[in-house]
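Values quoted throughout were computed directly from the atomic coordinates according to the rules given, and no laboratory measurement underlies them. Everything numeric here is computed off the predicted structure, so don't read it as measured data. Methodologically, a virtual Cβ is constructed for each residue, glycine included, from the backbone with ideal geometry; neighbour enumeration extends over all protein chains shown.
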Amino acid sequence: MRVGERYSKLLEVASESSSEKRRELLNEVTDLFFDSQDNQSPVETKLFGDLIAKVAYELDSEVRKQLANRFSGGEAPRSLAVAMANDSEIGIAGPILRRSTSLTQDDLIRVVETRGHEHQMVVTQRPDVGEQLSEALVVHGDDRVVASLVSNQTAKVSDETFDKIVDRAAKNPDLHRPIAERKVISPEHLNRLYTIVEGPMRREILERNAEFTEEEVERAMRRAQTRVAVVNGTLPADFEKVQAEYNKQKGSNAINRSQLPSLWRNHETTKFMIAFADLTGLDYFQTALLFEKKDIDTMAMVCRAANFERALFVTIAVLVLGNEGLSQAEVLGNMYNDVPPEAAQRAIRFMRLRATVTAQAA
């Protein structure tokens, strides 16, 4: 059908007063459009889209649902696709948002920014989610939307956007599993997740570390070295004084790892944290958080990677746990032995590098 004939048919639809007759005519014109789609010029396609969108939005929503399903499998006139993608009814917007190839990444970003979580959820399921669209979904979506995005293995997510995703995972366990199971993930982000999760998932993450190539590891290390971390806390009041004292003792070989338990027992907390951080390669804030959370699993990994003696780790762990740890010495010792040294070394490299602190929050 030539463009003039289609235009006349659409005018016939527009002038028809009977809703049922307009529906029938609209279906007829749509059939004709599909039949001649391969021979249409861009001008013809745009004209059809503008007119069909105008007529469709003068009819009831059921008509638009039918159109959305018919045009969801491929290219639709862009003006029609954009109109339906922004429809407030997800039954109309959904099929277009999920599959239509007519929508650009910018079109989808505008939908994500202006529509609700139902529309965003559908967008996360597309096979062509680009980095900018992923960023918009993380910024404007809730955690359910973010989990769906991460579960989409074809979605492209930048390192900066994944930083935000892992930050959110620290507050919502529902994000842990989707992140851990993502196939395309950097060693840095996977090991940041290790410090957040608990239980069997930690072992899964340690095992996945073995999958990374040396090139991937080196790239993650370079990024971690330049990443700025802002810590929500301040250094203790005696930090500078104790740091200077520790450095002096270290320079004269007057302090070593065997003195860590004594520092803890004597309540020399700042020096203990400085010494533990120095001896393991962590920073002060990572160390303080580790002991504040009583994260014994990670302590075992850190001590194993730093070649602490098993007995020293057990002593430190018992001191941290207090009365609870007195009866668990054997269990703690077994925990230390269960950490594969190679896996601990791989994981600790990222802990050492990812939190190079260049600023502190007031």
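Each of the peptides 66-73, 313-320 was scored by the mean count of other Cβ atoms within 10 Å over its residues; in descending order, highest first, they stand as 313-320, 66-73. Summarising the label geometry, the points placed 7 Å from Cα in the beta-carbon direction at Lys183 and Val331 lie 3.9 nm from one another. Under 28 Å of direct C-alpha separation, and excluding same-chain neighbours fewer than eight residues apart, Lys294 reaches these lysines: Lys164, Lys171, Lys241, Lys250, Lys271. Given N residues in region 104-185, what is its alpha carbon radius of gyration divided by 2.2 N^0.38 Å? Cα-based Rg divided by the globular estimate yields 0.97. Exposure proxy for Arg144, Arg23: other Cβ atoms within 10 Å of each Cβ, ordered fewest to most, give Arg144, Arg23. The stretch between Leu321 and Glu292 holds 9.4 nm of extra length on full extension. This uses 0.36 nm per residue minus the Cα-Cα distance. Extending 7 Å from the Cα toward the beta-carbon at both Leu235 and Leu312 defines two label points whose distance is 2.5 nm.
The slack in the chain from Arg99 to Gln259, taken as 0.36 nm per residue of separation less the alpha-carbon distance, amounts to 51.3 nm.
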